[in-house]
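For reference, the structure is listed below as structure tokens.
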Amino acid sequence: SVISFIAALSWVNEPFPGFLVYKDPLLGSFGSPEWPGSKAGLKLLDRIVTVDGRTVRDGEEIVQAARVKTPGTPVKYLVDRKGERREVTVPVAVFTLKDFLLIFFLTFLGGIIFYALGFIVYFMKPGMRMSWVFLLACFGQAIYMVTGFEIQSSYNFVRFHYFVLSLYPAFFFHLGLIFPERKKILNRFRALEYLIYLPALILGVAFLVHFSQPGEISESSLASSVGTYIMLASMTRFFMLFCFLSLIVFVLHSL
């Protein structure tokens, strides 16, 4: 959390592309309608193919290409949106203190609040299985929020972020099985309490493998890498939705 905060603070008053981008060269989810990228029509998950005619492997290359330019310098991007390509010119922008507060800090603060919730519940009810699971669920949500900007800017915690993203929804599912009371079916099939962690770990390892592949700078390899990322991200979102809805259903069933 401290490193993510310092990394984001180092962006203040520095040049940046005018949009944020994931490790895979796809437009990020964090942004502002006032940024040049938004005004140029760039949208979430648009793929950046080239920067000033040079093929880019990942988001870090796109950020570094803007960092060495003077703010206001126009940069030409070849953008792929669902198979359709077009050239977009976006001037280099400056990441302001306002951007830091609105784009990074609000989400970061939400993560800190989740840390606090986890600690408070655990220390009020220490040693209980429910408290441990709730603590881990809150920590997972907090890490996801705290590193949300970081994985689109500095890229220090990309693997860690996506591993946690894959794993932490399972804690909410687990919490539903034991809160406000332990479900009776677990007395007969104890393994069901932990079975949900199997798909979570599979997704987490899949992300680690994806981001560990060296890859080559070629059109086919880049397209394949982006396709793999989008598939894994979609599966993770469905898994997250399933776990959160299951928590609600389990709690309502207990009530």
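The values are calculated or read from the model by the stated rules, or taken from the named source; none is laboratory data. On a predicted model such as this, the values are computed, not experimentally measured, just so you know. Heads up, the Cβs are rebuilt from the backbone with ideal geometry, glycines too, and the neighbour counts pull from every protein chain shown. Side chains included, ligands, DNA and RNA excluded: accessible areas come from the protein's heavy atoms. Shrake-Rupley method; radii C 1.70, N 1.55, O 1.52, S 1.80 Å.
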- prompt: Across the range 40-139, how many lysine pairs separated by 8 or more positions, or lying on different chains, have Cα atoms within less than 29 Å?
  reply: 6
- prompt: Taking GluC sites (Glu not before Pro) as exposed when DSSP calls them loop (any state but H, G, I, E, B) and at most 15 other Cβ atoms lie within 10 Å, what is the longest stretch of the chain free of them, the sites themselves excluded?
  reply: 35-180
Rounded to 10°, Cα long-axis angle of helix 129-146 versus longest principal axis of the chain: 10 degrees
message: So if each residue of separation counts as 0.36 nm, and I subtract the Cα-Cα distance between Val205 and Phe242, what length gain in nm does that give?
response: 11.4 nm
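Calculate the FRET efficiency for Met128 and Ile3 from the Cβ-Cβ distance with a Förster distance of 45 Å, rounded to the nearest 0.05.
The formula returns an efficiency of 0.90 here.
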query: Using the reciprocal of the averaged 1/r over all distinct C-alpha pairs, how large is the Kirkwood radius of the range 150-217 in Å?
result: 13.9 Å
query: Which far-off residues, 5 or more places away or on another chain, put their amide H under 5 Å from the one on Ala93, with H placed in the peptide plane?
result: Phe16, Gly18, Gly72
query: What's the angle, to the nearest 10 degrees (0 to 90), between helix 106-124's Cα axis and the longest principal axis of the chain?
result: 20 degrees
task: Please report, in debye to the nearest 20, how large the charge dipole of the range 62-180 is about its Cα centre when each Lys and Arg carries +1 at its beta carbon and each Asp and Glu carries -1 there.
output: 160 debye
message: Counting only trypsin sites (Lys or Arg not before Pro) that sit in a DSSP loop (anything but H, G, I, E, B) with at most 14 other Cβ atoms within 10 Å, what is the longest stretch of the chain containing none of them?
response: 83-181
query: Put Tyr194, Tyr229, Tyr144 in order of accessible area, largest first, 1.4 Å probe: what do you get?
result: Tyr194, Tyr144, Tyr229
query: Tell me, what does the Kirkwood hydrodynamic radius of the range 76-172 come to in angstroms if you use every pair of distinct C-alpha atoms?
result: 15.8 Å
- prompt: Roughly speaking, what is the centre-to-centre gap between the range 96-125 and the range 15-52 when only Cα atoms are used, to the nearest Å?
  reply: 25 Å
In degrees, nearest ten, helix 197-212 long axis to first principal axis of the chain (Cα): 20 degrees
